[in-house]
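The values are calculated or read from the model by the stated rules, or taken from the named source; none is laboratory data. Just so it is clear, the model here is predicted, and its values are computed rather than measured. In this analysis, Cβ positions are derived from the backbone assuming ideal geometry, glycine residues included, and neighbour counts consider all displayed protein chains. Accessible surface areas use protein heavy atoms only, side chains included; no ligands, DNA or RNA. Shrake-Rupley method; radii C 1.70, N 1.55, O 1.52, S 1.80 Å.
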Amino acid sequence: MKESASASDPDAKSAMLEDFHSHLLKSRRIVALLGAGLSASSGLPTFRGAGGLWRTHDATSIATPQAFAADPAFVWQFYSYRRHMALNAKPNAAHYALAQLAKSTTKFLALSQNVDGLSQRAHHPPSKLKLLHGNLFDLKCSDAKCGYREPNNTTDPVVPILAIPQSGQDPTATATATEPNTNPLIRGLDISNPNHTLPSIPTASLPHCPQCRKSLLRPGVVWFGESLPTDVLADVDAFFSADEPIDLMLVVGTSSAVYPAAGYTQVARNKGARVAVVNPDPGSGRALDGKRDWFFCGDAAEILPEMLRPLVGDVRGVIDEKGDAD
Ligand code: BJW
């Protein structure tokens, strides 16, 4: 039977933590697969489940080349909103704990599906952070033949017309939407609420490629049906194919619904890894394997610092000292 514990069962949790710590301290090569739940307690919504709708759209249906081709203004409004939120969010204790683990353990690699930049802002060493799905703050030409790329553009808004509308600029809003915005990460109207009318934006005002001067720029993220960055895949493959076992795989805040990312857990298992899942959804522990695995049911920002404490110490001190890395 797999081991599992929740905050409501403190005795089971502490026994499981002790068992996990004893394996952690023996582990030489560690890999982590990170998903949107890692940033949930920083205030950023996940893709699936509660918060996965943007206006009336499933967020994953906007993250496609087809959606961008059909309505680039709408897709840019979605990404501009998410850039704005991510810039106003702060890394949480789990981002810092993973960054400390990367600094203190030579043979550790984090495979992040997140595009929000919070691991980088928690000072996670770049060589130990592989961004499987790109980055909200990289821009690239939507014409792959052009090849233009602009890394780390944190201008908010990326072009003036994509600014979050301010209260009072939305005469068509319904009574519900004119209620004060309660989202602390949005400075203005929360346009994820479909009761706010989205400003109409002509394609000509969207960001254009300065190199080919023809095509639109797009966010440097990986959409469904697109290949993951080849350099990232090569680094990940090199880590997995090294002639040494992997001792531990952390699976943090991901539904493990998207491939090839989700498949890395099995690859790690095939290299001998024991798996620890951190997720508040009890269903995400279902596929765990017998006595070898651990399921820590709860918020990553609370649980992960406890799990990694023997190697990283108390990260609250690091956060207090550094605050936001920007
Ligand atoms: C908490 C928490 C808290 C909440 N603490 N936890 C093999 C089989 C079948 C299909 C495929 C396959 N190989 C490839 C495919 C096709 C496709 C795919 O996987 N489809 C699936 C739907 C089945 N994959 C691709 O197309 C990939 N490309 C590719 O493989 O190229 C080659 C190829 C193409 C076509 C066919 C075959 C091969 C590209 C995938 C790109 C994914 N892109 C997105 C958008 C990125 C840009 C953006 O951000 O807008 O990436 S989709 C979205 O899902 C995003 C995420 O990174 C990704 C994963 O989501 P994640 O992080 O797991 O979030 P959630 O919301 O799903 O889960 C959050 C979890 O957190 C939940 O479990 C919560 O409970 C938990 N949680 N609070 C801890 N406080």
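Quick look at the values:
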| item | result |
| --- | --- |
| Tally, over the stretch 120-148, of residues that are away from the ligand (no atom under 16 Å from the Cβ) and either part of a strand (DSSP E or B) or over 18 Å from Leu206 (Cα atoms) (or both) | 10 |
| Which numbered condition Leu228 misses (of (1) of a type in the set (A, V, I, L, M); (2) in a helix (DSSP H, G or I); (3) in contact with a Pro (Cβ under 9 Å, 6 or more places away or on another chain); (4) within 9 Å of the ligand (Cβ to nearest atom)) | (2) |
| In the stretch 281-291, residue surrounded by the most Cβ atoms within 10 Å (Cβ to Cβ) [restricted to those that are part of a loop (DSSP other than H, G, I, E, B) and within 13 Å of the ligand (Cβ to nearest atom)] | Asp281 |
| Unique residue being near the ligand (Cβ under 10 Å from one of its atoms), open to solvent by 10 Å² or more (accessible area, probe 1.4 Å) and more than 15 Å from the chain's Cα centre (by Cα) when the list is Ala40, Ala50 | Ala50 |
| In the stretch 263-280, the residues that are surrounded by fewer than 17 Cβ atoms within 10 Å (Cβ to Cβ), touching a residue at least 12 places away in the same chain (Cβ under 8 Å) and out of contact with any strand residue (DSSP E or B) (no Cβ under 8 Å at 6 or more places or on another chain) | Gly272 |
| Residue in the stretch 280-288 that is polar (S, T, N, Q) and in contact with a Cys (Cβ under 9 Å, 6 or more places away or on another chain) present | yes |
| Any chance Leu34 is within 9 Å of the ligand (Cβ to nearest atom) and either closer than 25 Å to Val275 by Cβ or of a type in the set (A, V, I, L, M) (or both) | yes |
| Conditions (1) closer than 28 Å to Glu18 by Cβ; (2) open to solvent by 50 Å² or more (accessible area, probe 1.4 Å): number failed by Ser241 | (1) |
| Identity of the residue in the stretch 296-316, within 22 Å of Ala36 (Cα to Cα) and in a loop (DSSP other than H, G, I, E, B), that ends up farthest from the chain's Cα centre (by Cα) | Gly298 |
| The stretch 44-61 residues that are farther than 16 Å from Pro194 by Cα, paired with ones that are of a type in the set (Asp, Glu) and in a loop (DSSP other than H, G, I, E, B) (beta carbon under 7 Å, 6 or more apart) | Leu44/Asp116 |
| Residue, nearest to Tyr79 (Cα to Cα), within the stretch 192-225, restricted to residues that are within 16 Å of the ligand (Cβ to nearest atom) and surrounded by fewer than 16 Cβ atoms within 10 Å (Cβ to Cβ) | Phe224 |
| Residue in the stretch 149-158 that is modelled with pLDDT of 95 or more and among the acidic types (Asp, Glu) present | yes |
| Matching residues in the stretch 24-72 - criterion: being under 21 Å from Gln113 (Cβ atoms) and among the β-branched types (Val, Ile, Thr) | Ile30, Val31, Thr46, Thr60, Ile62, Thr64 |
| Count of residues meeting criterion [open to solvent by less than 30 Å² (accessible area, probe 1.4 Å) and either more than 20 Å from the chain's Cα centre (by Cα) or in contact (Cβ under 8 Å) with a residue 24 or more places away in the chain (or both)] in the stretch 148-165 | 5 |
| Residue among Leu233, Leu250 that is within 13 Å of the ligand (Cβ to nearest atom), open to solvent by 20 Å² or more (accessible area, probe 1.4 Å) and hydrophobic (A, V, I, L, M, F, W, C) | Leu233 |
| Of residues in the stretch 53-66 being among the hydrophobic types (A, V, I, L, M, F, W, C) and under 15 Å from the mean Cα position of the chain (by Cα), the one modelled with the lowest pLDDT | Ala59 |
| Hits in the stretch 121-158 (condition: aliphatic (A, V, I, L, M) and under 23 Å from Tyr259 (Cβ atoms)) | Leu129, Leu131, Leu132, Leu136, Ala144 |
